[in-house]
Amino acid sequence: MPIRSKWQSLPTEAINPASLNIDKLPAAGIVDLMLAEDRKALAAVQKERDRIAVGADLIAKSLRKGGRIVFVGAGTSGRLGVLESAEMPPTFGTDPLLVQAIMAGGKGAIFRAKEGAEDNYEEGVRAVNRLSPTKKDVIIGVSASGMTPFVRGALTCGRKAGSRVVFVTCDPRTELQTFVDLTIAPAVGPEVIAGSTRLKAGTATKLVLNMLTTSAMILVGKTYGNLMVDVQMGSEKLRDRARRILHIVAGLDAAEAEKLLKKAHWNVKAAIVMQKTGLPYARALARLRRSSDLVREAIGEDIEPRLRALIEG
């Protein structure tokens, strides 16, 4: 009698015909094979371009309304959500509560796999419910297989609360498409090691999450051109970046930039507005608020020509 399994038909569990002899290959051969398969992951993400753009717009609209972004996942998918949320404050100066991540099995599962945690649908519900989700929030479920009960429970809770729900998976056939607001499903195909979704599926998921958050942050004014103007000053490297940004934008030397940044309480955007308009700190902040936090609008100046001249010169 054939073995029946609810997972065996999943694309993430399939046998990859290109890697049947992978255990006979030298290291260089394995690397070449993996590079060829990773190119397929990038191509799969490319096909989801329009859906990713819709997701970025959805997230940006939520942020403008004061909503939060919450990633939910298990295993590799969960850790990728944790990584995304952890990088938002230093990169874009966001409040740590603005972009959060829920990991099946709790914080301990980030560093050490906690098998079975992903199977707990009810805990997924409870985990999101503890955050008191609202209609302003976006819940992003991440599940390579599309079947993770913990993630499904979390998304169900978010849906009941009226939050917008986005699902990132590597199974385009998932029936959750009828349940969520948006599904992003790069069809990466079978892994070089059957079922190991930390490989192509993980790579594709990382690309998608990067695009969602980065695009949304740019849309709400977290960059000026491609400069990281909402960077936090948590290290000397980041303070140096802030000084260099002021040199690029305003032509200030390091000492002048340092002096201005201190007056601006190390707020790079405020410092730019202060230098360009002559306004004091409080009025510079008010001008930014009236300009929807967009530096370009606040000072009426496009940075692209200056950046292009800097690169070419």
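The values are calculated or read from the model by the stated rules, or taken from the named source; none is laboratory data. Keep in mind it's a predicted model, so treat the numbers as computed, not measured. Ideal geometry is used to build each Cβ from the backbone, glycine not excepted, and the neighbour counts take in all protein chains shown.
Brief remarks follow.
- Residue under evaluation Val166, criteria (1) under 16 Å from the mean Cα position of the chain (by Cα); (2) assigned to a helix (DSSP H, G or I), criterion not met: (2)
Every residue, every condition in (1) farther than 17 Å from Pro90 by Cα; (2) assigned by TED's automatic domain parsing to the domain that holds Thr183; (3) more than 25 Å from the chain's Cα centre (by Cα), yes or no:
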{"position": "Ser215", "(1), (2), (3)": "no, yes, no"}
{"position": "Leu227", "(1), (2), (3)": "no, no, no"}
{"position": "Ala242", "(1), (2), (3)": "no, no, no"}
{"position": "Asp253", "(1), (2), (3)": "yes, no, yes"}
{"position": "Ala257", "(1), (2), (3)": "yes, no, yes"}
{"position": "His265", "(1), (2), (3)": "no, no, yes"}
{"position": "Lys269", "(1), (2), (3)": "no, no, no"}
{"position": "Tyr281", "(1), (2), (3)": "yes, no, yes"}
{"position": "Ala284", "(1), (2), (3)": "yes, no, yes"}
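- Test: Gly195 is assigned to a loop (DSSP other than H, G, I, E, B) and farther than 17 Å from Leu42 by Cα: yes
Yes/no per residue for (1) buried (at least 17 other Cβ atoms within 10 Å of the Cβ); (2) closer than 30 Å to Pro17 by Cα; (3) in the same structural domain as Ala60 (by TED's automatic domain parsing):
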position: Pro89; (1), (2), (3): yes, no, yes
position: Leu97; (1), (2), (3): no, no, yes
position: Ile102; (1), (2), (3): yes, no, yes
position: Ala113; (1), (2), (3): no, yes, yes
position: Ala117; (1), (2), (3): yes, no, yes
position: Gly124; (1), (2), (3): yes, no, yes
position: Lys136; (1), (2), (3): no, no, yes
position: Pro149; (1), (2), (3): yes, yes, yes
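- Matching residues, the stretch 138-147, being hydroxyl-bearing (Ser, Thr, Tyr) and either within 17 Å of Leu182 (Cβ to Cβ) or surrounded by fewer than 20 Cβ atoms within 10 Å (Cβ to Cβ) (or both): Ser143
- Criterion violated by Val166 - all others in (1) farther than 16 Å from Gly105 by Cβ; (2) out of contact with any strand residue (DSSP E or B) (no Cβ under 8 Å at 6 or more places or on another chain) satisfied: (2)
- Annotation for the stretch 96-108: no member residue is in contact with a strand residue (DSSP E or B) (Cβ under 7 Å, 6 or more places away or on another chain), part of a helix (DSSP H, G or I) and within 15 Å of Val151 (Cα to Cα).
- Extreme residue, surrounded by the most Cβ atoms within 10 Å (Cβ to Cβ), among residues of the stretch 46-55 that are touching a strand residue (DSSP E or B) at 6+ places or on another chain (Cβ under 9 Å) and part of a helix (DSSP H, G or I): Gly55
- Residues (closer than 21 Å to Cys170 by Cα and free of Cβ contacts under 8 Å to residues at least 40 places away in the same chain) located in the stretch 47-77: Arg49, Asp50
- Screening Ala109 against (1) surrounded by fewer than 17 Cβ atoms within 10 Å (Cβ to Cβ); (2) more than 17 Å from Leu212 (Cα to Cα) leaves a single unmet condition, (1).
- Near pairs, Cβ below 9 angstrom, 6+ apart or cross-chain, from the stretch 34-46 (without any contact (Cβ under 8 Å) to a residue 40 or more places away in the chain) to any residue that is among the small types (Gly, Ala, Ser): Ala36/Ala18
- Scanning the stretch 156-181 for residues that are modelled with pLDDT of 95 or more, buried (at least 19 other Cβ atoms within 10 Å of the Cβ) and not β-branched (Val, Ile, Thr) turns up Cys157, Gly158, Ser163, Arg164, Phe167.
- Look at the stretch 198-215: where a residue is over 16 Å from Gln46 (Cβ atoms) and a partner is modelled with pLDDT under 95 and polar (S, T, N, Q), sitting 6+ places away or on another chain with Cβ atoms under 6 Å, you get Arg198/Thr76; Gly202/Thr76.
- Residue in the stretch 84-93 that is closer than 11 Å to Val142 by Cβ, part of a helix (DSSP H, G or I), touching a residue at least 12 places away in the same chain (Cβ under 8 Å) and not β-branched (Val, Ile, Thr) present: yes
- Residue match in the stretch 216-233 (condition: in contact with a helix residue (DSSP H, G or I) (Cβ under 7 Å, 6 or more places away or on another chain), part of a helix (DSSP H, G or I) and surrounded by fewer than 23 Cβ atoms within 10 Å (Cβ to Cβ)): yes
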